[in-house]
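Asks: Here you go, one structure.
The values are calculated or read from the model by the stated rules, or taken from the named source; none is laboratory data. Please read all numbers here as calculations on a predicted model, not as lab measurements. Reconstructed Cβ throughout: ideal geometry from the backbone, glycine too, with neighbour counts over all protein chains shown. Quick note on the areas: whole protein, heavy atoms, side chains included, nothing else; ligands and nucleic acids left out. Shrake-Rupley method; radii C 1.70, N 1.55, O 1.52, S 1.80 Å.
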Amino acid sequence: MKSSKRWVLPAVFVVVSTLYFDARGVSAENDVTVATYNIAAGTEGLGLEAIAETIAASEAEVVGLQEVDVHWGSRSDFEDQATRLAELLDMEVFFAPIYTYDADIPGEPDRQFGLAILSDYPFLHTYNHSIARLSTQDANPEPTLTPGFPEAGIQVGDANLWFYSTHLDYRGDPTVREMQVTDMQDVLAVHPNTVLTGDLNAMPDAAELAPLFEQFVDVWDVAGVGEGYTFPAGAPDRRIDYVLTSPGMEISEVETIDSQASDHLLVSAQVQLNPASIQTIQTLVTEYEKAGDIDSIGTHLLQLHLKTLDYFAERGDEDKVRQHLGGFEQLIAQFHEQGRLTNRAIGTIRPEVETIQRTMD
C-alpha cells in the first residue's frame, strides 16, 4: 500500500464493538457496487436507453457519470440526460454542470454540460466543486477554476460514503491535468469511505496521476483481471477510466462492462464500507488538523470530548454516550461558526455523528 504525501489514512479502521451502540462492524448491507462511466452525451454509441441498460447490467448502486448533456443541444435532442437516466434506473441524481449558457429560445431551460452522480441511496449532501480547466468553448482558453467536480455524501446502511466524479483534461500536455489533481486533493474528504471515479484521460503510469495513486487505491490493481482497457469501446487499447478508493476498504468483483452504448466502457467494483464509529471521528479530527481544516486548540478540545465518549461507550453507558454525542455535535457547530473548523471538516464529521446517533435509536 502506498502512502499519501498530503494525508495518510490508517490501513485498518478499528470498528466499534458490540458495546458501542450495536455497531458491530462491516456487514453485508455495507457492501456497495460503485462505477464510473463516460457516456459521451449518448452520441457515440446506441443512445441513452442503451446507456441505462449498461448501468443496469453492471448492478452499480452509485455511479459517477461524465459528459452529460442537460438541454445542451440538438446532438442530444435538448434532453435532460441526468434526469432521464435517473428515471430509467429509478435512482437519485445530482447533476454538476461545467458549462451553463442561456437557451437559444427565450423561456427554455439553460443549456448545460457536465457530470453527474446516480445513487440508489439517499444523498446526505451534494456539492459542485471547481477545479482548473481549459474551456472547450473558448477559442483561446486559459486555465481557470471552473465547476464540474461533483461530491456527494451518501448514506449506505450504517455507513457514509463520500463519492466523487471527475473528468480530467484530454490534451496531450499533462499540465492542466496536474493542476486538476492538485485542486481535487484540496477538496476530497479525508474519510475511510472515499471513492473517486472518473475519466482521467491518462494511463496509470502518467506522472501527473501519481499523487492520486499515492493517496488512493486503484481497484483494478486489487481485483481486476487483464489490462482493464476502457477506451475506445469498440477495440479498447488504453485504461483511462478509474475507480479509486480510500486505503483499507475491501474491494472485489472489479470489471468492465462490454457495451457499445458509449465510446468508453463502464468500470465497476464492489467495495465494503467502514461503519460510522467514534474511532473514525477521532481519525478524521487528527487528519483534518494535519490538512489545516481544524486549528490545534480545537483539535485538542474535540479529541478530549471524543475520549470521554470512548470511555462511556466502553462502559456500555448508552445514556452518557447519547448525551456526549449531542455535546460534541454542538461543539463542532460552535467551532464552525468561529471559523476554527472548515466546511469540508464539519461536512464530513457531522454525518458520522448523526449516523452513530441513528444507529443507537
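Asks: On a 0 to 90° scale, report how tilted helix 278-290 is relative to the longest principal axis of the chain, with both axes built from alpha carbons and the result rounded to the nearest 10.
Replies: With both axes taken from Cα atoms, the answer is about 70 degrees.
Asks: Quick one: length gained pulling Glu227 to Met203 fully straight, 0.36 nm per residue minus the C-alpha distance?
Replies: On the way: separation 24, 0.36 × 24 = 8.64 nm, distance 1.12 nm.
Full extension from Glu227 to Met203 adds 7.5 nm.
Asks: Given Cβ point charges of +1 (Lys, Arg) and -1 (Asp, Glu) and nothing else, what value in debye, to the nearest 20, does the dipole of region 271-326 about its Cα centre take?
Replies: Here the size comes out at about 80 debye.
Asks: Between Ser76, Ser119, Ser296, which gets the highest mean-square fluctuation from a Gaussian network model of the chain, Cα cutoff 10 Å?
Replies: Answer for the Gaussian network model of the chain: Ser296.
Asks: Please sort 235-246, 84-95, 336-347, 102-113 by packing, taking for each peptide the average over its residues of neighbouring beta carbons within 10 angstrom, highest first.
Replies: Put in order of decreasing packing, that is 235-246, 84-95, 336-347, 102-113.
Asks: With the Cα gyration tensor of the chain giving a ≥ b ≥ c as the square roots of its eigenvalues, does the rule (a/c under 1.5 for rounded; else a/b larger than b/c for prolate; else oblate) give rounded, prolate or oblate?
Replies: It comes out prolate by the Cα gyration axes.
Asks: So what is the accessible area of the chain per residue, in Å², with the probe set to 1.4 Å?
Replies: With the other protein chains kept in place, the chain gives 42 Å² per residue.
Asks: Next up: Excluding ligands and nucleic acids, what accessible area in Å² is computed for Tyr127 using a 1.4 Å probe, to the nearest 10?
Replies: The accessible area of Tyr127 comes to roughly 120 Å².
Asks: Another question about this same structure. So if I take the centroid of the Cα atoms in region 51-112 and the same for region 140-215, what is the distance between those two points in Å?
Replies: Between the Cα centre of region 51-112 and that of region 140-215, the gap is 20 Å.
Asks: Which of Asp205, Asp221, Asp295 ends up with the largest GNM mean-square fluctuation for the chain, with Cα atoms connected below 10 Å?
Replies: Maximum among the listed residues: Asp205.
Asks: Express in nm, to one decimal, how much length is gained between Asn128 and Val187 on full extension, taking 0.36 nm for each residue of separation and deducting their alpha carbon distance.
Replies: 20.2 nm is the gain from fully extending Asn128 to Val187.
Asks: Expressed as a whole percentage, what fraction of the accessible surface of region 124-264 belongs to carbon and sulfur atoms when a 1.4 Å probe is rolled over the protein heavy atoms?
Replies: Numbers: 2490 of 5220 Å².
Answer for region 124-264: carbon and sulfur cover 48 percent of the accessible area.
Asks: Grab the Cα-Cα distance for Arg358 and Arg75, subtract it from 0.36 nm times how many residues apart they are, and report the gain in nm with one decimal.
Replies: 97.3 nm
Asks: Sticking with this structure for a sec: When a/c is below 1.5 the answer is rounded, else prolate if a/b is larger than b/c, else oblate, so apply that to region 89-162 with a ≥ b ≥ c taken from the square roots of the Cα gyration tensor eigenvalues. Kindly include the intermediate steps, with their values, before the conclusion.
Replies: Working: a/c = 3.68, a/b = 1.65, b/c = 2.23.
Verdict is oblate for region 89-162.
Asks: What residue among Ser74, Ser58, Ser130 has the largest mean-square fluctuation in a Gaussian network model of the chain, using Cα springs under 10 Å?
Replies: Ser74
Asks: Sticking with this structure for a sec: Tell me the label-point distance for the pair Glu87, Lys307, using the 7 Å Cα-to-Cβ offset, in nm and rounded to one decimal.
Replies: Roughly 5.7 nm, to one decimal.
Asks: Can you figure out the FRET efficiency of Ala57 with Asp319, using R₀ = 35 Å and their beta-carbon distance, to the nearest 0.05?
Replies: Numbers: r = 49 Å, r/R0 = 1.39.
Calculated transfer efficiency: 0.10.
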